[in-house]
1. Which semi-axes, in whole Å and largest first, does the equivalent ellipsoid of the stretch 175-219 have when worked out from the alpha carbon gyration tensor as the square roots of 5 times its eigenvalues?
2. Which of the trypsin sites (Lys or Arg not before Pro) across the stretch 209-247 are loop residues per DSSP, with 16 or fewer other Cβ within 10 Å?
3. Please work out the Kirkwood hydrodynamic radius for the stretch 242-350, using every pair of different C-alpha atoms, and report it in angstroms with one decimal place.
4. Read phi for every residue in the stretch 333-347 and hand back ³J(HN,Hα) as whole Hz from Karplus 6.51 cos²θ - 1.76 cosθ + 1.60, θ = phi - 60°, with x for Gly and Pro.
5. Lysines near LYS143 by alpha-carbon distance under 22 Å, same-chain residues fewer than 8 away left out - which ones?
6. First measure r as the distance between the Cβ atoms of GLU122 and LYS143, then evaluate 1/(1 + (r/R0)^6) with R0 = 45 Å and state the FRET efficiency to the nearest 0.05.
7. To the nearest 20 debye, what is the magnitude of the charge dipole of the chain about its Cα centre, counting +1 on the Cβ of each Lys and Arg and -1 on the Cβ of each Asp and Glu?
8. Which lysines, on any chain, are close to LYS111 with Cα under 25 Å apart, when same-chain ones fewer than 8 places away are left out?
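What follows draws every value from the coordinates through simple rules; no lab data is involved. From a predicted model like this one, the values you see are computed outputs, not experimental measurements. We place every Cβ from the backbone using ideal geometry, glycine too, and count neighbours over all the protein chains shown.
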Amino acid sequence: MLIKQAKIWKFISSLKLAIWLLGIIALVSLIGTLIPQNEEEVSVYQSWWFILLIILFALNLSACLLSRLSLKNRPLGTLICHFSVLVILLGALIGMLFGQKGYLKLSRQEKANSFMASESKEVNLGFSIRLDDFIYNENIDPKEKLLIYSIQNDAVCQMDGASHKNGEEGLIAKIPTDPGTEREISATGYKIKVLRYLPDFVMDIATKKVTSRSSQANNPAIEVELRDKNGARESFWVFARYPDIHQSKTPNFNFVYHWEMRRPKDFISRVTIIKDGLEVLKKEIRVNFPLQFGGYSFFQSSYDPENLNWTGLTVVRDPGVSLVYLGFGLFILGLCIRFYINPFFKTLKK
């Protein structure tokens, strides 16, 4: 009783202090969201004064609960909701004080057992992660097509640096360019199948191996397979910027790749976790679908459009996240008790 009457206690447990602290935290959080945080330096949310604000708010909230605590007058749902906020704050504080965040860059077939944290120090993972493959996909515009013309009508004009038929004359098929698409070419008995797409086609002269130099559309091309009525197959490349260069030996058709600007769809890292010399986990890391192992979460965060052989992963360790989830669970439970369970029992009593 004496404690609750002390001036310092009245100050700590006052509602005015809670409003001021909450307003300052909200303002600082807004500033921290609008201003990009440098990963190499301590961010707003990791600074000592922001952590101190959270601690003061937690103390204020605890004092408010204790000063107004009354099991007789306070419904159980309300108490659980108030307690859940403390649990969430505790989890957030643990994450701020003991959590780790950094960046990991991996080339294809490279493995690493540590990463650089935001405090510019190396953190040992306790296991290794290897990049097996990096996959980059794009959205295909519906206007993008493989146009097939009958060679009997070869009226061609130059337009925007590429060859096009005069209108629709001689056009016998429009094929979507999604890899795996297969269509018959009108009633000719031939079938065409799209095998793959490369945004920046290049061929190694020595090995004849075809790859993409980058994800930039410097030399877009699609590989197609042509099959005749007897089942004979022929595969060749059709280039968007060089429509007169294709490797088809069939004299019946002329192929034109009508390319449209593509947008990034997703980029995926296929990785393997290695612990004590054994491969224990294989998984794909996608945007918003991280890999979680050993207390760490690996998020797909970046790539180099000029070099698709490496990936950038954000590494996060947050030991307080379980308490945060528990707090939100308690908050939902308190709301259910307060607005659904208690009214239900009251109606039964009537």
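1. Details: eigenvalues 148, 36, 11 Å².
The equivalent ellipsoid of the stretch 175-219 has semi-axes of 27, 13, 7 Å.
2. On the way: sites: LYS209, ARG213, ARG227, LYS229, ARG233, ARG241; in loops: LYS209, ARG213, LYS229, ARG241.
Here the trypsin sites (Lys or Arg not before Pro) that fit, given the DSSP loop and packing criteria, are LYS209, ARG213, LYS229, ARG241.
3. On the way: mean 1/r = 0.0495 Å⁻¹.
Averaging 1/r across every pair of different Cα atoms and inverting gives 20.2 Å.
4. Going residue by residue, I get 4, x, 5, 5, 5, 5, 9, 10, 5, 4, x, 5, 5, 5, 5 Hz, with x marking Gly and Pro.
5. Counting by Cα, and skipping residues close in sequence, LYS143 has these lysines nearby: LYS165, LYS174, LYS191, LYS193, LYS265.
6. Values: r = 49 Å, r/R0 = 1.09.
So, using R0 = 45 Å, E works out to roughly 0.35.
7. Values: 42 positive and 33 negative charges, 509 e Å.
Here the chain has a charge dipole of around 2440 debye.
8. Within the straight-line limit of under 25 Å, LYS111 reaches these lysines: LYS101, LYS121, LYS275, LYS282, LYS283.
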